[in-house]
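The block underneath contains the structure these notes are about, expressed in structure tokens.
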Amino acid sequence: VEPTLVTFPAGATSGTGTVLDVRPVPDGFAVVVDRTPFHPLDHAWPDQPADTGTLDGRPVLDCRTGAHGPDGTLALGADIAARRGEAGWTWVVAHIVEQPPDVGAQVQLEVEPDRRAALSRAHTACHLAALAINAEAAPWWREGHGARSDSLGSPDLDAMAIERSRIEPDRSIDEYRLGKSIRKKGLDSAALLAGLDDLAVRATQRLQSWIATGAPVAIDAGDGTLTARRTWRCALPGGDATYPCGGTHVTTLADVPATTSLRITATAAGYTVETVVG
Ligand SMILES: [Zn+2]
């Protein structure tokens, strides 16, 4: 079995593939094809949910990351013990269907486009929100701080504090933790937590000014395999923004509603950012 070539980073929602492998799983059959537009849930960083759609007209019940082991077994999702890129493992997209196609068959893959578009809008807005908050939180880092910079030159609060990200249709929820190590790096986290409402207002203004540029968005997809390192890119007024990302995105900020906004709320561990698209 070869690593699955994925076309979702370029925005594809349909395509044909050749069936390479079919295996029974508790909820049906896992179907692996050579090339697919389906985005599976990532087993290590499960931010964007699996695409829905059809495989030769059969409903795709779920879409999971799969890893073929050296002994020929196929591990799916949370059952994958291998590290990404570990020698001897081949990474594939597993489409879960009730009735399996034949190995060797050519199949038509169709992703439900409206849900995909809503997830792509939310995912792009999520990265813009992270960069906008990084920029607006910069004054809370003391001079000579030890934080590394994001792609626009702000201290990368997002990378240092993010615990979990969940992308939904036209909405994302990102949970951040402010621990001892980030304070040691030079963040005045008490002042940040006291200023969350103001931060949300200023970051929303920055986000909306970026959206208004209608800048193009692109994904560098590496060698095109499922586990290639991919990078989100957007040319913003402050510079060429980048963000490591395995998900799907709009191709222009013109597709993100101008009224997209942020809500930031304190939590026991830090704060949560809700990005609402539209
Ligand atoms: Zn992402």
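Rounded, prolate or oblate: which fits the stretch 172-214, taking a ≥ b ≥ c as square roots of the Cα gyration tensor eigenvalues, rounded meaning a/c under 1.5, else prolate when a/b beats b/c? It comes out prolate by the Cα gyration axes. From most to least packed by mean Cβ count within 10 Å, the peptides 114-121, 253-260 give 114-121, 253-260. Diffusion of the chain by Stokes-Einstein, at 20 °C in a medium of 1.002 mPa s and with Rh set to the Kirkwood radius over alpha-carbon pairs, works out to 108 µm²/s. Put 271, 243 in order of accessible area, highest first, and with a 1.4 Å probe you get 243, 271. The residue 23 and residue 242 beta-carbon pair, evaluated with R₀ = 45 Å, returns a calculated FRET efficiency of approximately 0.75.
Classify the stretch 65-154 as rounded, prolate or oblate, taking a ≥ b ≥ c as the square roots of the eigenvalues of its Cα gyration tensor: rounded when a/c is under 1.5, otherwise prolate if a/b is larger than b/c and oblate if not. In terms of gyration-tensor shape, oblate. For the stretch 95-111, the residues whose amide N sits under 13 Å from a probe point set 7 Å from the Cα of residue 16 along the beta carbon direction are 105-109. Label zone (residue 105, point 7 Å along Cα-to-C-beta; backbone nitrogen cut-off 19 Å) within the stretch 65-97: 93-97.
Report the calculated FRET efficiency for residue 168 and residue 201 (r = Cβ-Cβ distance, R0 = 22 Å), to the nearest 0.05.
Working: r = 23 Å, r/R0 = 1.05.
Result of the calculation: an efficiency of 0.45.
Find which of 120, 146, 160 sits farthest along the positive direction of the dipole of the stretch 113-163, computed with +1 on the beta-carbon of Lys and Arg, -1 on that of Asp and Glu, about the Cα centre. Of the candidates, 120 comes out farthest on the positive side.
The long axis of helix 196-211 is offset from the longest Cα principal axis of the chain by roughly 60 degrees. Estimated at the nearest 10 Å², the accessible area of residue 5 is 60 Å² with a 1.4 Å probe.
Counting only alpha carbon atoms, the long axis of helix 113-137 and the longest principal axis of the chain meet at about 30°. For residue 89, the accessible surface of its heavy atoms amounts to roughly 70 Å² (probe 1.4 Å, protein chains only, rounded to the nearest 10).
For the stretch 37-186, give the magnitude of the charge dipole about the Cα centre (Cβ charges: +1 Lys/Arg, -1 Asp/Glu; no others), in debye to the nearest 20. Could the numbers behind the result be given before it?
Values: 17 positive and 23 negative charges, 177 e Å.
My answer is approximately 860 debye.
Projecting the Cα positions of 75, 87, 53 onto the charge dipole of the stretch 28-109 (unit charges on Cβ atoms of Lys, Arg, Asp and Glu, taken about the Cα centre) puts 87 furthest along the positive direction.
Each label was represented as a point 7 Å from its Cα along the Cα-to-Cβ direction; for residue 114 and residue 209 these points are 3.6 nm apart. Between residue 191 and residue 142, the modelled labels are 1.0 nm apart [label points 7 Å from Cα along Cα→Cβ]. Under the rule a/c < 1.5 gives rounded, and otherwise a/b versus b/c splits prolate from oblate, where does the stretch 5-136 land using the Cα gyration tensor? Oblate shape, in that a/c is at least 1.5 and b/c is the bigger or equal ratio.
The values are calculated or read from the model by the stated rules, or taken from the named source; none is laboratory data. In this text, all values refer to a predicted model and were calculated from it rather than measured experimentally. No Cβ is skipped: glycine too gets one built from the backbone with ideal geometry, and neighbour counts run over all protein chains shown. Note: accessible area is taken over every heavy atom of the protein model, side chains too, but ligands, DNA and RNA are not part of it. Shrake-Rupley method; radii C 1.70, N 1.55, O 1.52, S 1.80 Å.
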